[in-house]
Amino acid sequence: MLSDPRLAKLSPKLDIAKLFGTKVATLVDNVNSLNRSSVYSPEMTRQPNQTETLRRMLLSMTQDIRAVLIKLAYRTLRLRGLAREPHETQLFIAQETLDIYAPITNRLGIHQLKWELEDLGFRYLNPQAYRSIAKSLANNRIQRELCIDSFIDLLHSKLADESIRSEISGRPKHIYSIWKKMQRKQLDIDELYDLLAVRVIVNNLTECYTVLGIVHSLWQYIPKEFDDYIANPKENGYQSLHTVILDTLGNRIEVQIRTQDMHDFAELGVAAHWSYKEGGKQNSALEKNITQLRKLLEENPDDTLADSFQSELFHDRVYVLTPKGKLLDLIKGSTPLDFAYAIHSDIGHRCRGAKVNGRIVPLTYALKSGERIEILTTKSGGPNHNWIDPHLGYLKSSRAISKVKSWFKNQQQVDNMAAGKNILDKELQRLGLKTANLNELAKHFHQPDSDKLLEAIGRSDINNRQLAAFFKIPELETASVVLPKTKASTTPVKSVIAVDGIDNVLTSFALCCKPVQGDAIIGYISHHKGITVHKQDCDNIVHLAAEKQAQLISVAWTQQKSSFAIPVSIHAFNGHNLLNDVSQILTHAKIHISHAALNTHADFSATLELTIQVENINQLSQVLSKIGQLPHITDVKRKI
């Protein structure tokens, strides 16, 4: 594909899609996204978890994990030609490779690529140690090969005598891993025993222990180096027998013994090599993609397997940077406010604005991986009650929401009461109501008195939506309300009842049990009054004579939603785009406007009179609250 003449003049993504299809175009876009990432700095290695967070960010930026594989191939080619670049560039690329890309390759189980990345990176970072180890390995290579071949030949012969079919192979070590082992154990290269390593794969569990017995009978073994991970598997499920023996020349040889299933599990399952080397816990989506990627490398799969590579890696997370370049790991959908609270509670409380990549954004902006966030704060003050309203979208993180609620709870009682009264008065004014019975309101919300009620409202334990649900507006009263004890209650009315699944049947409500919306109900066919609706547990129904039970009929509350015309008045100190902005909010909320009149005044202020169709008081309160958040709005309320 790289030599295809059609690529000569390509630049836009659409051209690639036209020539090679959307899958290839998306893959190219993913790789370019990874290539544009320039977050890494060597200082990250000195901060806890920063390099791991960056690895996760790079993986989260792709829709297809194969883009990561291409990026790793690019990095390998870059390292192979690194000798031609300036010394400072060599050091930076080599360090970034060891910190970020080699661990990702290791995580994907592509060990040959991992070894090359680590060895090439190590070669530029510590050339003297690299040359020393390489020289020592070259000097002793023939001796090591003879030692391993002699061990394998003898063990093969003994296992054949016991009729045990086996697969025995040497395990090579690369220079960087040798150096790390030398540093960790404070040993010279000549003192490392696992430069010589052999793996034995047999058919079943019994043969594993038989082979172990044969090995220990043929060679002296070192007891403290023996580990039975079959009887005592590692936490990630890894199983194998590990032992170290001394051959006749005194060479130490590490021997691993396992079944083919154990080997496959260690290579492809939850005990992938990176898991027990890095000691981390696997993410289930990552594990799935690792397994599929390695199968893709080893087989020649059809398009079904390739299509399954739409990556789920960390797509529930977003990774963003502070102005100083520190990475933060946040839940997907997080806003600048979530970011502020993740830095420090006080930063969150005093947040009044945010910049993303140098551009001012709303506090409800959904952050994307790789963006750099700057929080604009005030010297004093606290959070806004709107921040914890789930419908307004200021906060996504439950931890940040909890911090805001804790702030309100920790305020002085008098301040909370004053704030609560202010919130209640504004809600009443917005809904076009004059007063509220505080005692009834306190009883409804299980508060001991009106003071505790106002304090709870001020702490945001009771929100605007809950308040609105309590209040009654005449225009929004429906037939589901209990009918008054008058003759009208026995008169057939067009109700919210469906009879045997048929809507718009004239019914009446029984005075004996007074059913309301939500009650379990049943209909009784009367020869004089038509269909009367009772509660199913009504005494008159429960004790109905057997000969009259044939007059019972199935009825139910209908699910059809009714809408009601509500006049609304909106005042703004600037009428520019007022009607358009309000219309967008109403359209998004799926609320119909049946009338609109905009009046502008000499001082450039404006009054917008609307009639909107709403289903209930909750919907009305919510949309009035959102309109009130628009710039230039001074007042919004139901018109009475």
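Each value in this text was obtained by applying a stated rule to the coordinates, not by laboratory testing. Being a predicted model, the structure only gives us computed values, none of them experimental. Cβ: placed from backbone, ideal geometry, glycine included. Neighbour counts: every protein chain shown.
The residues packed around Trp387, meaning those with a beta-carbon under 13 Å from its beta-carbon, carry a net charge of +3 if Lys and Arg are +1 and Asp and Glu are -1.
Compute the FRET efficiency between Arg131 and Gln629 as 1/(1 + (r/R0)^6), taking r as their Cβ-Cβ distance and R0 = 56 Å, and round to the nearest 0.05.
0.25
Judged by the mean number of other Cβ atoms found within 10 Å, the most tightly packed of the peptides 423-432, 213-222 leads the ranking 423-432, 213-222. Along each principal axis, taking the top coordinate minus the bottom one, the Cα set of the range 508-640 gives 77, 25, 21 Å in descending order.
At q = 0.15, 0.22, 0.25, 0.27 Å⁻¹, what base-10 log of I(q)/I(0) does the Debye formula yield for the range 411-471 when every alpha carbon is treated as an equal point scatterer in vacuo? Results for the range 411-471 at q = 0.15, 0.22, 0.25, 0.27 Å⁻¹ read -0.36, -0.81, -1.05, -1.21. Scaled against 2.2 N^0.38 Å for its residue count N, the alpha carbon radius of gyration of the range 564-638 is 1.01. Peptide packing: for 199-212, 440-453, the average count of neighbouring Cβ atoms within 10 Å per residue gives the ranking 199-212, 440-453, highest mean first. Spacing of the modelled spin labels on Asn422 and Asp227, each 7 Å from Cα toward Cβ, amounts to 6.3 nm. Sorted ascending by nearby beta carbons within 10 Å, beginning with the fewest, Met262, Met417 become Met417, Met262. Compared with the direct C-alpha span, the chain from Asn540 to Met182 gains 119.8 nm at full extension, assuming 0.36 nm per residue. Restricting the calculation to Cα atoms, the range 136-269 shows an Rg/Rh of 0.96 when the hydrodynamic-style radius is the Kirkwood one. Residues whose amide H lies under 5 Å from that of Arg317, counting only those 5 or more places away or on a different chain, are Lys332; hydrogens are built 1.01 Å from N in the peptide plane.
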